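Everything below concerns the one structure shown next.
Bear in mind these aren't lab numbers, they're just calculated from the coordinates by the rules spelled out. Because the structure is a prediction, the values reported are computed rather than measured. For neighbour counting, all protein chains shown are included, and Cβ atoms are generated from backbone atoms with ideal geometry for every residue, glycine included.
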């Protein structure tokens, strides 16, 4: 949802920066790697209890995920390698954020939050995995909508809740966000499973001679 509503305007707004970086001979791959390293470092702020600074820092550095794609398109060098690298490092960045929450909840002796964060850490890879397997099984099914828990939605919901708690909201706000996240992941994976099932169950009509 965020990608659909915010993505186009964000990509348009980042074009001047993308062009400037390209003029400095900075590649999209370099931005992808640097952005991931920055997100991992920023996530340590969350683990250390600096929730406000951590949430804002992760959100800012996560923009590299939009910036690198914009750079690749503007340079005319968008390629499978860049998509593979971007997708792989997205998993690293996401894992860092949720691992940081696991550490923070453990430090706070919050058993409920700890359990939810562990579940989220385990579940966040299901959506991209289901999409990848769907593509390998049925490319037409893999082209279905991402559902209600695309990466931007997952990260946006989590960071908004972390920021809210950092600014003084009760911790149950973050608990609730993680529950919503897990339900969204389950719904999105279920949607992908049904799409593949429908595609594979569709009758195959022989080609006419």
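Assorted remarks:
- Highest to lowest packing among 119-129, 80-90, scored as the average C-beta count within 10 Å: 119-129, 80-90
- Exposure proxy ranking for 94, 68, 29, based on other Cβ atoms within 10 angstrom of each Cβ and starting from the fewest, stands as 29, 94, 68.
- Highest mean packing first, where packing is the average number of other Cβ atoms within 10 Å per residue, the peptides 97-108, 190-201 line up as 97-108, 190-201.
- Computed [θ] at 222 nm, helices only, for the chain once each DSSP H run of length n ≥ 4 contributes -39500 (n - 2.57): -27000 deg cm²/dmol
- Cα-based convex hull volume of the chain per residue, rounded to whole Å³: 132
- Whole-number D in µm²/s for the stretch 34-122 (Stokes-Einstein; Kirkwood sum over Cα pairs; 4 °C, 1.567 mPa s): 94
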